[in-house]
Amino acid sequence: MRPGKSARKAGPATKRKAAPKRKTAPKRKTAPKLQVVKAARPGPTPARTMGELMAHAYALELEASERYAEFAEAMEAHNNRAVAELFRKLARIEHRHAEQILEEMGWTRPPAPPSTGYRWEGLEAPETADFTALHYLMQPYHALVIALHNEKRAHEFFQGLAAGAATDKVRREAESMAAEEAEHVRLIEAWMKRTPMPEAGWDHDPDPPRHVD
């Protein structure tokens, strides 16, 4: 019995059979649009020491590098080589940023997490791309959209660290990092201007992949 409908009482001898449901053609599924979820703007986040600040910076860059590498593998699996190579390039750039932090601090190994843990706004660092942003038919321009979003989040994160810094030295360094991320934003924006924008219907696939158990 369908919810919200009352059934007629049948006589004791016979029961009225329900008319068979008419079969309808299954609805055609449309490919999802590429979306980048906008994170909440971070508020002032305290950084007590230079070591703690730089540990955050290192983890942020390293996680971004690892995620871009995972994206590259995902695109390679879908034979989307152009986007896979772009994600690999982004992974190399972020990994180099992480190495520079080790060099600047004179660290011979990755720093241990702060005793209070990393102060991310969510479960991951602000420059770590979200897997939900991927689409197997995405184009290089879309990859740059993801990168731009991440650089903006990193910029806001360091602005928050600067606003809540415990000392002037930490504040100045956090402001310097925010300025670097702002420069990365400008570089990605310039890169996007040289990259063809996708045409309408870029996500249409006449023979989409099917999940097989």
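The values are calculated or read from the model by the stated rules, or taken from the named source; none is laboratory data. If you're wondering where the values come from, they're calculated on a predicted model, not measured in any experiment. All Cβ positions, glycine included, derive from the backbone under ideal geometry; neighbour counts span all protein chains shown. Protein only, heavy atoms only, side chains kept; ligands, DNA and RNA dropped before computing areas. Shrake-Rupley method; radii C 1.70, N 1.55, O 1.52, S 1.80 Å.
Here are the numbers for the structure shown:
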{"read-out": "Subset tally (residues that are aliphatic (A, V, I, L, M) and farther than 30 Å from Pro206 by Cβ) for region 116-160", "value": "4"}
{"read-out": "Exclusive hit being at pLDDT 95 or above and open to solvent by 30 Å² or more (accessible area, probe 1.4 Å), set Arg88, Arg16, Arg48, Arg119", "value": "Arg88"}
{"read-out": "Residue list for region 150-184, filter: among the charged types (D, E, K, R) and without any contact (Cβ under 8 Å) to a residue 40 or more places away in the chain", "value": "Glu151, Lys152, Asp168, Arg171, Arg172, Glu175, Glu180, Glu181, Glu183"}
{"read-out": "Hey, Ala84 in contact with a His (Cβ under 6 Å, 6 or more places away or on another chain) and among the aliphatic types (A, V, I, L, M) or not", "value": "no"}
{"read-out": "Qualifying residue in region 66-77 (condition: touching a residue at least 40 places away in the same chain (Cβ under 8 Å), among the basic types (Lys, Arg) and farther than 24 Å from His142 by Cα)", "value": "no"}
{"read-out": "Residues located in region 144-171, provided they are touching a helix residue (DSSP H, G or I) at 6+ places or on another chain (Cβ under 6 Å) and either among the aliphatic types (A, V, I, L, M) or not in a helix (DSSP H, G or I) (or both)", "value": "Leu144, Ile146, Ala147, Leu148, Ala154, Leu161, Ala162, Ala165, Val170"}
{"read-out": "Residue in region 110-129 that is part of a helix (DSSP H, G or I) and either over 24 Å from Thr167 (Cα atoms) or out of contact with any strand residue (DSSP E or B) (no Cβ under 8 Å at 6 or more places or on another chain) (or both) present", "value": "no"}
{"read-out": "Count - residues of region 172-198 that are in a helix (DSSP H, G or I) and open to solvent by less than 80 Å² (accessible area, probe 1.4 Å)", "value": "16"}
{"read-out": "Test result for Pro126, touching a residue at least 60 places away in the same chain (Cβ under 8 Å), surrounded by fewer than 19 Cβ atoms within 10 Å (Cβ to Cβ) and touching a helix residue (DSSP H, G or I) at 6+ places or on another chain (Cβ under 8 Å)", "value": "no"}
{"read-out": "Residues satisfying the stated conditions in region 146-171, i.e. surrounded by fewer than 20 Cβ atoms within 10 Å (Cβ to Cβ) and β-branched (Val, Ile, Thr)", "value": "Thr167"}
{"read-out": "Sole residue being out of contact with any helix residue (DSSP H, G or I) (no Cβ under 9 Å at 6 or more places or on another chain) and among the polar types (S, T, N, Q), chosen from Thr132, Thr195", "value": "Thr132"}
{"read-out": "Odd one out for Ala74, checked against (1) at pLDDT 95 or above; (2) open to solvent by 40 Å² or more (accessible area, probe 1.4 Å)", "value": "(2)"}
